[in-house]
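> The structure that follows is given in the form of structure tokens.
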């Protein structure tokens with residue numbers, strides 16, 4: 001089952017983990033859905049939206065656990081991106097890791113590409 005990925009501030013991840021649910025980051029709340037990226041999109045997402053930022057976490061969700069609330073919709077350059085319409089149960093998180101900035105780019109954990 002393929003994973004989809006979310007990059008968020010570590011403090012927001014800690015809060016969501018403590019509450020057991022994630023309603024979304026600021027952009028998600030504004031747009032009405034939680035933005036995710038596929039394996040082929042996540043590095044570009046980090047580059048475009050999180051470049052230079054530290055204190056981030058990347059987490060993975062098995063896309064088939066999200067049911068009909070997960071929609072693949074056209075976004076950047078016409079690519080289909082996974083958008084989740086709902087509150088995310090944090091029990092669905094398969095793994096979460098820090099996403100450190102090395103001065104040039106983010107260093108993705110090896111689990112991202114497995």
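One line per residue, one yes/no per condition, for (1) under 20 Å from residue 111 (Cα atoms); (2) not in a loop (DSSP other than H, G, I, E, B):
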site	(1), (2)
5	yes, yes
8	yes, yes
13	yes, yes
29	no, yes
39	yes, no
45	yes, yes
54	yes, no
59	yes, yes
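> Looking at the stretch 100-114 only, could you name the residues that are in a helix (DSSP H, G or I) and crowded, with 16+ Cβ neighbours inside 10 Å?
Passing the criteria: only 112.
> Name the residues in the stretch 15-26 that are in a helix (DSSP H, G or I) and in contact (Cβ under 8 Å) with a residue 12 or more places away in the chain, would you?
Correct list: 16, 17, 19.
> Regarding residue 61, is this residue at pLDDT 95 or above, surrounded by fewer than 16 Cβ atoms within 10 Å (Cβ to Cβ) and touching a strand residue (DSSP E or B) at 6+ places or on another chain (Cβ under 8 Å)?
Judged against the criteria, residue 61 is not a match.
> Working only within the stretch 76-99, note down all residues that are in contact with a strand residue (DSSP E or B) (Cβ under 7 Å, 6 or more places away or on another chain) and assigned to a loop (DSSP other than H, G, I, E, B).
Within the stretch 76-99, 85, 87, 99 qualify.
> For the stretch 61-75, give me each residue that is under 27 Å from residue 100 (Cα atoms) and part of a helix (DSSP H, G or I).
Within the stretch 61-75, just 63 meets the criteria.
The values are calculated or read from the model by the stated rules, or taken from the named source; none is laboratory data. A quick note: this is a predicted structure, and the numbers were derived from the prediction, not measured. Neighbour counts run over all protein chains shown; Cβ positions are idealised from the backbone, glycine included.
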